[in-house]
Amino acid sequence: MSWIKGKICIITGSNSGIGKETVIGLARMGASIVMVVRNQERGEKARAEIVKQSGNDSVDLIICDLSSMDSIRRFVEEFKKKYDRLDVEHQRALADYEPVSSMPVVVMWEN
């Protein structure tokens, strides 16, 4: 049994490249994945490929533009309606940008 099995994981930038490969790997180990992408069509296509390759249908998709605080707020509300916790967050989107001191930090909830 894998340590990640059943863990809820948010992966940003997950419809291509390293983010997509990360999702495939975690899904193969039994994680429950929440893909965070900007484009519904590309996200759905990637999700279908990931489910097929990993054999894990516990792969969800939530649309969010991380450059928009309104979009982030909508994402947080949708996530909180569907899930009671978050075990792993892998921030692939924005990984290639220089750090910005004014970049907002989103706190989804505190225990």
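The numbers here are math on the coordinates, done by the rules we state, and not lab data. Note that the structure is predicted; figures quoted are calculated from it, not measured. Here Cβ is always computed from backbone atoms with ideal geometry, including for glycine, and neighbour counts include all displayed protein chains.
Residues with amide H under 5 Å of residue 89's amide H, sequence separation 5 or more or different chain, H placed in the peptide plane at 1.01 Å from N; which?
Counting only residues 5 or more places away or on other chains, the set is 10.
Sort 10-19, 63-72, 45-54 for me by packing, meaning the mean count of neighbouring Cβ atoms within 10 Å per residue, highest on top.
10-19, 45-54, 63-72
Find how many whole Å separate the alpha carbon centroid of the range 8-29 from the alpha carbon centroid of the range 52-82.
The range 52-82 and the range 8-29 have Cα centres separated by 13 Å.
In vacuum, with every alpha carbon of the range 8-90 counted as one equal point scatterer, what does the Debye formula give for log10 I(q)/I(0) at q = 0.20, 0.24 Å⁻¹? Two decimals, please.
-0.83, -1.17
Quick one: Karplus J couplings for the range 43-53, per residue in order, coefficients 6.51, -1.76, 1.60, θ = phi - 60°, nearest Hz, x for Gly and Pro?
x, 5, 4, 5, 4, 4, 5, 5, 4, 5, 6
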